[in-house]
Amino acid sequence: MNSFIKNFNHKPVCRQTGSKQILLFVILTVFPVFLFAQDQFTFVKKGDVAPDFTIEMQDGTTKNLSELKGKVVWINFFATWCPPCRKELPVLEKEVYKKYKDRNDFEILVIGREHDWQTVTKFKTDNNYILPFYPDPERKIFSKFAKQNIPRNFIIDKEGRIAVVSTGFSRSDFDRIVAKVEALLK
């Protein structure tokens with residue numbers, strides 16, 4: 001609130017309260033940090049060679065990302081407790097996995113950050129997913145790509161380079177990623 005006080009010349013002077021100044025300071029300094037915070041938590045960027053990793057299959061065999069060179073690979077990091085992840089996964093299954101799963105030049109890896117096989121299998125069953133889920137119980141895979149924040153999507157092109165980096169879920173961002181995947185598959 002503004003308050004008026006009279007100075008010695010009896011002219012009103014407007015004085016701003018401290019709370020407005022503090023709010024203005026917070027808006028101008030803190031908000032931009034949050035707006036761009038995801039970049040400081042992402043370890044890879046578009047154009048980088050994707051970091052190689054080994055993923056354990058349910059039967060105990062393993063697969064390396066480098067073995068998938070020549071394919072477009074969609075890597076999705078999620079957690080079962082994450083509301084945006086739970087919103088994104090049905091869309092990912094319906095609009096991407098079901099459309100491209102039979103292609104020889106496409107692979108999708110849905111990786112449960114800090115989840116074991118039992119957790120991802122139960123989640124998959126409880127939600128009637130057909131997506132291929134994999135565990136990352138100690139963040140060994142996730143930590144090659146980012147420090148925090150999910151869901152995260154990374155699209156790897158056929159040469160093994162990162163073509164898309166995305167954090168969070170919005171319909172417009174998801175549609176942009178799908179368009180990029182379609183272009184890479186042409």
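What follows is calculated from the coordinates using simple rules that are stated; it is not laboratory data. Here the structure is a predicted model, which means the values were calculated and not measured. Heads up, the Cβs are rebuilt from the backbone with ideal geometry, glycines too, and the neighbour counts pull from every protein chain shown.
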Exercise for the section: May I ask you to list the residues in region 43-64 that are among the polar types (S, T, N, Q) and assigned to a loop (DSSP other than H, G, I, E, B)? Expected result: 58, 61
Practice task
Please find, among 113, 176, 152, the residue that is touching a strand residue (DSSP E or B) at 6+ places or on another chain (Cβ under 6 Å) and either under 20 Å from residue 46 (Cα atoms) or acidic (Asp, Glu) (or both).
Solution key: 152
Fill in the blank from the handout: Filter region 136-164 for residues that are within 20 Å of residue 83 (Cα to Cα) and surrounded by fewer than 20 Cβ atoms within 10 Å (Cβ to Cβ); the one that is nearest to the chain's Cα centre (by Cα) is 149
Practice task
For region 78-101, state whether one or more residues are outside any helix (DSSP H, G or I), β-branched (Val, Ile, Thr), closer than 29 Å to residue 40 by Cβ and out of contact with any strand residue (DSSP E or B) (no Cβ under 6 Å at 6 or more places or on another chain).
Solution key: yes
Exercise for the section: Tell me, please, whether a residue that is in contact (Cβ under 8 Å) with a residue 24 or more places away in the chain, within 14 Å of residue 55 (Cα to Cα) and outside any loop (DSSP other than H, G, I, E, B) can be found in region 128-135. Expected result: yes
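For the structure I just gave you, tell me whether residue 94 is within 16 Å of the chain's Cα centre (by Cα) and more than 22 Å from residue 68 (Cβ to Cβ).
Answer is no for this residue.
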